[in-house]
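To start, the structure under review is shown below, and the notes come after it.
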Number of protein chains: 2
Amino acid sequence: MQTTLLTIDDIKKIIQSVGLDRLMREMIDQLDHAFRQYDDSRMIVPTRDGFSYDDIYPGLLEWMPVMTRGENATIKIVGYHPCNPSTQQLPTIVSTVSVYDVANGHLIGLMDGVLLTALRTGAASALASRYLAKADSKRVGLIGAGAQAVTQLHGLAQVFDIERVQVYDIDPTVSATFADRVAFMDIPVEVIGQHHREQMVSEVDILCTATSAAVGSGAVFDAVETAPHLHINAVGSDFPGKIEVPLSLLERAFVSPDFPAQAAKEGECQQLPPDRMGPPLYDIIRNPSAYAEQRDNLTVFDSTGWAVEDAVASQLLLDYADELKLGQQITLESLAGDPQNPYNFLT
Amino acid sequence: MQTTLLTIDDIKKIIQSVGLDRLMREMIDQLDHAFRQYDDSRMIVPTRDGFSYDDIYPGLLEWMPVMTRGENATIKIVGYHPCNPSTQQLPTIVSTVSVYDVANGHLIGLMDGVLLTALRTGAASALASRYLAKADSKRVGLIGAGAQAVTQLHGLAQVFDIERVQVYDIDPTVSATFADRVAFMDIPVEVIGQHHREQMVSEVDILCTATSAAVGSGAVFDAVETAPHLHINAVGSDFPGKIEVPLSLLERAFVSPDFPAQAAKEGECQQLPPDRMGPPLYDIIRNPSAYAEQRDNLTVFDSTGWAVEDAVASQLLLDYADELKLGQQITLESLAGDPQNPYNFLT
């Protein structure tokens, strides 16, 4: 039995063949389909767990498992180290994704999770915006201009006709390079200084927050009057005490988490009493007409990162690898010969 | 940054170079060293968690993480599917082990966990027996003659001068092949039928239980008079409700778990009130003179499988691979280029 390895080189070849825009659109559509079909008796998603530390650098190493009963289990191991870019020239999020056969425990596939996480997080925000933002949204604001901001905008650009994006980052050297990084999308970029951050929030149709704000440091912008229909994709909250959106804004918004149990512990929803948390995004997608009026209201997608998204994204990449004959097949485990003899392979 | 892959072929080459007996002895010695040095403020070991199901086949898929602060985290993913041998010609335990850099989240290495688990489980029992069994133990009994029984005996053979091994399995076709599987150890093997199982227990110096007994089915042998110094390595208990050793025997034994929090949930210790659980094996190894008298008493090593063992075993194999220039280096993750640009690798 073999294991399929998809290195970043294989994924590059998939993208060169499929096209980056098309891959993002398929990611959004596959998520749409998976969320619509989601059945919690068939897909089992524990809340993520992990190690949190401040030894060499502050960081997290977390495991995010999900099982589709009778098929497979996907486990993403994800490192979150906000110092990575400045100290090691590495992305904040470094990750790998593995898929296991639940008929026997065999490792079916292993792949890069860095690009996968950026793609699926952008796709999830685009999907939430498809159902909760105004269909003619034109102006996008970004708070946090790092790696995740690139795919936030890229995802949104597949769903909306974006006329202008404004971007703010606490580190001006990061926002300064944003226009170059998203030049391929052909959307005018305006870099915003701290003094105009709240004005940006008050003017945009869709806002994405994707920061490495520290635990306990509070919201990443001040509460201001916003467009009545503003939709926020709050992407950065992923740890107890880490939030991005001001409470007063959350309190008057329709708040939809990706994964309620996790959002209540780690997301924006940790600021809210349980009865103020709205339905999960998959409920909205299953019954969009019931929530259509929310497009005209203030809405927040509390995106903590749902392992179902990793399962969908890894399957999409494995399917493309299979179709395009990409990836390396290795015999990793000791499975040949007599199952009762661990030393059988030596003879 | 590269990831080292150790396939079962690489591990085979390590064993061909080092020797199987020597590798087992080093595994035992490395565990001895690691247990002696164990510091729970430096090594963080959550109890394992996982999926339990009965869909295609009954089974478990579990993750066993351990972190050495400031160094790395080892995560073993282990499938336990008792039907594997009969339905799929695969080992009951199918597993892979990954090592991550906690400075940044990078996957340092990935390797087979099937042989690794068998080796380290045998080594742990040998280590426990070194400190808790009589030094001149000569007669070994095995209940359960599958894959784990092979390395139980192999581990013990590195520490004791074994004159005879008796083996019982609920499936006579499994015990029938045991002598062939351990022929390389040159120890006389006697296969025991069910009616002589308790007599075997009453006569041996060391007993290993390594079965796939079902949850709720009770002990795998009846309580009988034993040698006063009998030492038992109870290896099979690894799930709530699954036990192997009769309560009446446990109640009069000195019981040392590998990992108290896990043994209380999943091991033989789940049968005992907390105050009847003895010190963990690492405490005994750190202070052997305090427990020397237990060698003359009835003792039980409650081996549920401790992630520290996986960390030690995977490091030993990675060190050998490095020394022998084995293993494949792959660039798995998307880490090159601008850490703020997930699409950088495309240009």
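Here are some notes:
- Over chain A, Cα pairs under 8 Å with separation of 6+ residues give a relative contact order of 19 percent.
- Of all DSSP beta bridges in the range B:72-190, antiparallel share, percent nearest 5: 65 percent
- Per-copy distances of the B:Gln37 label point, shortest first, in nm (7 angstrom along Cα→Cβ): 4.9
- Each semi-axis of the equivalent ellipsoid for the range A:121-183 is √(5λ) with λ an eigenvalue of the Cα gyration tensor; in descending order they amount to 21, 11, 10 Å.
- The rotation axis taking chain B to chain A passes closest to the C-beta of one chain B residue; that residue and the distance in whole Å read B:Trp63, 3.
- Among the GluC sites (Glu not before Pro) found in the range B:134-229, those both in a DSSP coil and sparsely packed, with 11 or fewer other Cβ atoms within 10 Å of their Cβ, are B:Glu225.
- A simple spin-label model places the labels of B:Ile170 and B:Glu323 4.1 nm from each other, with each point 7 Å out along Cα-to-Cβ.
- Descending semi-axes in Å of the range B:296-347, equivalent ellipsoid built from Cα gyration tensor: 43, 18, 7
- Per-selection Rg to Rh, the range A:194-296 - Cα, Kirkwood hydrodynamic radius: 0.95
- Interface A:B - total buried accessible surface [probe 1.4 Å, Å², rounded to 100]: 6800 Å²
- Two-site FRET efficiency, B:Arg286 against B:Leu346, from Cβ-Cβ distance with R₀ of 60 Å, rounded to 0.05: 0.65
- The range A:1-76, accessible surface, carbon-and-sulfur percent (1.4 angstrom probe): 38 percent
- Spatial separation of Cα centroids for the range B:169-234 and the range B:84-111, in angstrom: 29 Å
- Within the shell of other residues whose beta carbon sits under 13 angstrom from the beta carbon of A:Ala179, the net charge comes to -2, with Lys and Arg scored +1 and Asp and Glu -1.
- D_trans [Stokes-Einstein, Kirkwood Rh over alpha-carbon pairs] for the range B:1-50, 10 °C, 1.306 mPa s, µm² s⁻¹: 115 µm²/s
- Shielding score for A:323-336, defined as the mean number of other chain Cβ atoms within 10 Å: 5
- Label-to-label distances for A:Leu247 across copies, nearest first, come out at 5.0 nm, using points 7 Å from Cα in the beta-carbon direction.
- Proportion of all alpha-carbon pairs of chain A beyond 33 Å (%): 26 percent
- Enclosed volume per residue, in Å³, of the convex hull spanned by Cα atoms of the range A:1-99: 154 Å³
- Percentage, to the nearest whole number, of Cα pairs in the range B:227-347 over 18 Å apart: 63 percent
- Take each residue of peptide A:70-81, count the partner chain Cβ atoms within 10 Å of its Cβ, and average: the result is 4.
- Accessible area (Å², per residue) of the range B:131-269, counting only protein heavy atoms and a probe of 1.4 Å: 36 Å²
- In terms of distances greater than 18 angstrom between alpha carbons, the cross-link table entries B:Lys242/B:Lys265; A:Lys76/B:Lys76; A:Lys12/B:Lys325 yield A:Lys12/B:Lys325.
- Averaged per residue, the range A:25-86 has 38 square angstrom of accessible surface, using a 1.4 angstrom probe with ligands and nucleic acids left out.
- Whole-angstrom gap from the range B:286-325 to the range B:1-63, using each part's C-alpha centre: 11 Å
- For the range A:112-191, the list of trypsin sites (Lys or Arg not before Pro) that fall in a loop by DSSP and count at most 14 other C-beta atoms within 10 angstrom reads A:Lys138.
- Note on the range B:106-247: along the principal axes its Cα atoms extend 53, 36, 31 Å, ordered by decreasing extent.
- All C-alpha pair distances within the range B:160-232, sorted into 5 Å bins from zero, spread as 3, 14, 24, 26, 20, 10, 3, 0 percent across the bins.
- Here the accessible area is traced with a 1.4 Å probe on the protein chains. For the range B:254-347, carbon and sulfur cover 50 percent of it.
- Expressed in units of 2.2 N^0.38 Å, where N is the residue count, the Cα radius of gyration of the protein assembly as shown is 1.04.
The values are calculated or read from the model by the stated rules, or taken from the named source; none is laboratory data. If you're wondering where the values come from, they're calculated on a predicted model, not measured in any experiment. Reconstructed Cβ throughout: ideal geometry from the backbone, glycine too, with neighbour counts over all protein chains shown. When the accessible area is computed, the model is the full protein with side chains, heavy atoms only, and any ligands, DNA or RNA have been set aside. Shrake-Rupley method; radii C 1.70, N 1.55, O 1.52, S 1.80 Å.
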